[in-house]
Amino acid sequence: MTTPVLELRGIDKSFGPVQVLHDVAFSAYPGEVTALVGDNGAGKSTLVKCIGGIYSIDSGEYYFEGNSVTVSSPREAAALGVEIVYQDLALCDNLDIVQNMFLGRERKSGLVLDEATMEEMAAKTLAGLSVRTVKSLRQHVSSLSGGQRQTVAIAKAVLWNSKVVILDEPTAALGVAQTAQVLELVRQLADKGLAVVLISHNLNDVFAVSDRIAALYLGRMAAQVKASEVTHSQVVELITSGRSGTLGLTNGSGS
Ligand SMILES: Nc1ncnc2c1ncn2[C@@H]1O[C@H](COP(=O)(O)OP(=O)(O)OP(=O)(O)O)[C@@H](O)[C@H]1O
Ligand SMILES: [Mg+2]
C-alpha cells in the first residue's frame, strides 16, 4: 500500500456553537484523484479550508508525507506543497494570466519584476499541461471563458511544485466541452504523480476521473473507498443517508 501524501485523522471543527466537522479522517495519495463528495453543507469546503490553513482545526491530526505537521496559515500549507483552487476566490479579473499565476510570489531581478522569466515559466507550465486554447498570456483574466479561467487557476497551482492540488468544484459553472477539458487536466495532474482532490457534485465526472471517493455526510466521513469498488447508486446513498449496505456510518455516529 502506498503512503498517503496527506492524511487527516479525527478532525473536529466548529464555528461558534455549531460543529461542522466531526472526527473526520481523510487521505490523499500520490498519482491518484480522490473525489470529495457530499451534499450542500456537508462540510467539503470547510474541510478543504482546514487543509489549506485558512481555518484552524479544533482537534485532530494532520500528517504530510508521514510526518505530523501543524498548518495554521495558507503560507504554511503552500510551503508543504498544498495548493487549493477555491470555489469562490480563484483569480483576479483585472490582472493578466502571468500576473495571476505569480500573484504574491512575483519573481524579481534586482528591484524590478522579472517579467520575461515569469512569462516563460507560465508558458512552460501551460504547455506542460497541454493547454493550447489561451491566445495570449498577457490577456486579462476577465476576457477568458470559464474553462480557461479554471485552466489558469490549475496551472497556477501546478507552477509551485505542489504535491497536493485540491480543486473545489472546478467544473460547476462549465459547459460539456469545457468540463471535459478540465477533467482531462485533472487526470494529467494525477498522472504526473500529484495527489489531486476533486470536489464535485457531478457523479459522472467523479466516476470519470477518480481513483477513490470520500463521502461526507453532515460533517462526518461516511466512507472513503476505491471508485472501482462502489456503484453510482451506492455513492448516492452515502451522500444522502451516510450509509449504503455495509458501508458508511453506524447510527449516525463515527464510522
Ligand atoms: N465561516 C462559517 N461560519 C459559520 N458556519 C459556517 C462557516 N462556513 C461554513 N459554515 C457551515 O458549515 C457547514 C458546511 O459548509 P461547507 O461550505 O463546508 O459545505 P460544502 O459541503 O462545501 O457545501 P457546498 O456543496 O454547498 O459547497 C454549513 O452548514 C455551513 O453553513
Ligand atoms: Mg463548498
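Nothing in this text is a laboratory measurement; each read-out follows from the coordinates by a stated rule. Quantities reported herein were computed from a predicted structural model and do not represent experimental measurements. Cβ sites come from the backbone with ideal geometry, for glycine too, and all protein chains shown count toward neighbours.
General observations
- Label separation (K135 vs A172): 2.9 nm, computed from points 7 Å beyond Cα along the C-beta direction.
- The chain - percent relative contact order, Cα under 8 Å, separation 6 or more: 26 percent
- Mean Cβ count within 10 Å, highest first, over the residues of peptides 141-150, 163-172: 163-172, 141-150
- Between Y63 and N40, full extension at 0.36 nm per residue minus the direct alpha carbon distance yields a gain of 5.6 nm.
- Remark: relative contact order (the stretch 91-161) = 46 percent; criterion is Cα-Cα distance under 8 angstrom and separation of 6 or more residues.
- On full extension, the segment bounded by V236 and R107 gains 41.8 nm, given 0.36 nm per residue less the C-alpha separation.
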